[in-house]
Amino acid sequence: MLIEQAAADWEGLWSLLYAASHATLRLSIGVPLAPGVDLTFAAMDIREARDELEWLDDGLVERGAPVDLGVLRPTDDVNAARLVLDRLLATALDRASRLADGASEVEEFACLTRVTNKLFTARTAILGRVP
């Protein structure tokens, strides 16, 4: 639902990253230590991508919709959770690309380039392979 309803603008991208960073951190707690470390770093990368957006536009936090996907229960399928995160990040990468295409300032384009790099790295860590 978030993927379909998040706006195709800066606020929508911020909302996707908010949900993905929190969900990735929660997933890192629900897996064994070794993959958990990789997921923790992925959550940090997503958070840093969100920081990039917030540094560019300090009012973004107030305008964006913070969406929380909730806790990962012990009975939840970890691989299904990874695929949900993959969809969130694929959508965020698409939104970032579209925003970069329409960027009117060098600072916007540079920000979205850094965001894209962070998201690609995080997505690779979450999936355990290059998507």
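The values are calculated or read from the model by the stated rules, or taken from the named source; none is laboratory data. No experiment lies behind these values; they were computed from the predicted model shown. With ideal geometry, Cβ positions are generated from the backbone for all residues, glycine too; neighbour counts draw on all protein chains shown.
Residue 76 meets each of the listed conditions (1) free of Cβ contacts under 8 Å to residues at least 40 places away in the same chain; (2) within 18 Å of residue 30 (Cα to Cα); (3) not aliphatic (A, V, I, L, M) apart from (1).
In the stretch 107-131, the residues that are farther than 16 Å from residue 23 by Cβ reach residues that are assigned to a loop (DSSP other than H, G, I, E, B) and of a type in the set (Gly, Ala, Ser) with C-beta atoms within less than 7 angstrom, at least six apart or across chains, in these pairs: 109/103; 112/103. Inspect all residues belonging to the stretch 78-96 and state whether any of them is modelled with pLDDT under 95, in contact with a Ser or Thr (Cβ under 7 Å, 6 or more places away or on another chain) and of a type in the set (A, V, I, L, M, F, W, C). Looking through the stretch 78-96, none of the residues is modelled with pLDDT under 95, in contact with a Ser or Thr (Cβ under 7 Å, 6 or more places away or on another chain) and of a type in the set (A, V, I, L, M, F, W, C). The residues in the stretch 94-125 that are more than 17 Å from residue 3 (Cα to Cα), in a helix (DSSP H, G or I) and over 11 Å from the mean Cα position of the chain (by Cα) can be counted, and the count is 14.
So, in the stretch 112-131, of the ones that are within 15 Å of residue 48 (Cβ to Cβ) and small (Gly, Ala, Ser), which residue ends up surrounded by the most Cβ atoms within 10 Å (Cβ to Cβ)? Only one residue fits best here, namely 122.
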